[in-house]
């Protein structure tokens, strides 16, 4: 006996079953409730649908390739290294009245001479450890000649003696702006950095001071800060290396997630296309409408009918067993009346049922004749 299903209908049915295997929750759609009822009537189980399945599918089809922001933990560079802090002091707060002179002033020869006198007086006070008095005299000299880098260096040196490293740094920085080759400016600023535990900048300034004009005291101070400075530099290299490694891992992870998202979107798009192709196939719309018919749905609620239809679905040749069953044949007749174009989708035809590929001309085969045959007198 030949298969009662034509190739086109079988292809449609296979497509539909493939979709159901991949996304069984699709059977919860209102259009397919008839098939869900049938599966459950023969003991099958349909997983519950996910909330907003359609919207979720649409949203998931758009890959989100923007990575989440990674919050970096800000840590001190010295947080996990041990530094020798001996000799360091609490940083001072620079006074707002810190006199830097009038940078626009052009000193006269007399101003320069008077400034030199103030400077010599300040150095005399400095030699007697009267550092505050030296600062005052140098401030007066700066008022007279604000273009002199030496005056700012000397006052910075005096501030250093008063344990005011930040005031020293400010004066020496200004002195280096006036004279970038001031070895003394680098020397005393480097020492001030060391007192506030800025060992890296201290080492840089002291190295530059020795480079411009070697000084034994500057060299001694440089040797003092070098161990801590090297620890900080090595730590920074380590931190930068870890940061680079982390960025590479994060970039690789972003690429991996983006590829997965694109692959998922492509798969869902392909599945969506297969569903649309199946639903747009000729006769499939009538297929849905037929199984939404109350009488047909009611017929499938009958366990006997459901079991028979499952038996026929599994093996179309088994249809012959049910030709004498009025329930089955009644259902077939109802399906026939729907007049599916090209036959019942997925079931190219049942032998003996018009419109289902079993009989020509859309009629049921004539019932067998009963009783003895009459002699026609031809023999």
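Observations on the model:
- Efficiency of FRET between residue 173 and residue 264 - r from beta-carbon atoms, R0 45 angstrom, step 0.05: 0.15
- Stretching residue 256 away from residue 89 to a fully extended chain increases their span by 55.0 nm, per 0.36 nm per residue minus the current alpha-carbon distance.
- Segment 82-281 - percent relative contact order, Cα under 8 Å, separation 6 or more: 15 percent
- Here is the tail figure for segment 119-177: Cα pairs spaced more than 15 Å apart come to 38 percent of all pairs.
- A quarter of the convex hull surface defined by the alpha-carbon atoms of segment 198-273 gives 7.2 nm² as the mean projection.
- Stokes-Einstein D (µm²/s) once Rh is taken as the Kirkwood radius of segment 82-281 over alpha-carbon pairs, at 4 °C in 1.567 mPa s: 63 µm²/s
Laboratory data are not the source of any read-out in this text; all were calculated from the coordinates shown. What you see is a predicted model, and the numbers here were worked out from it, not measured in a lab. Cβ coordinates were reconstructed from backbone atoms using ideal geometry, including for glycine residues, and neighbour counts include every protein chain displayed.
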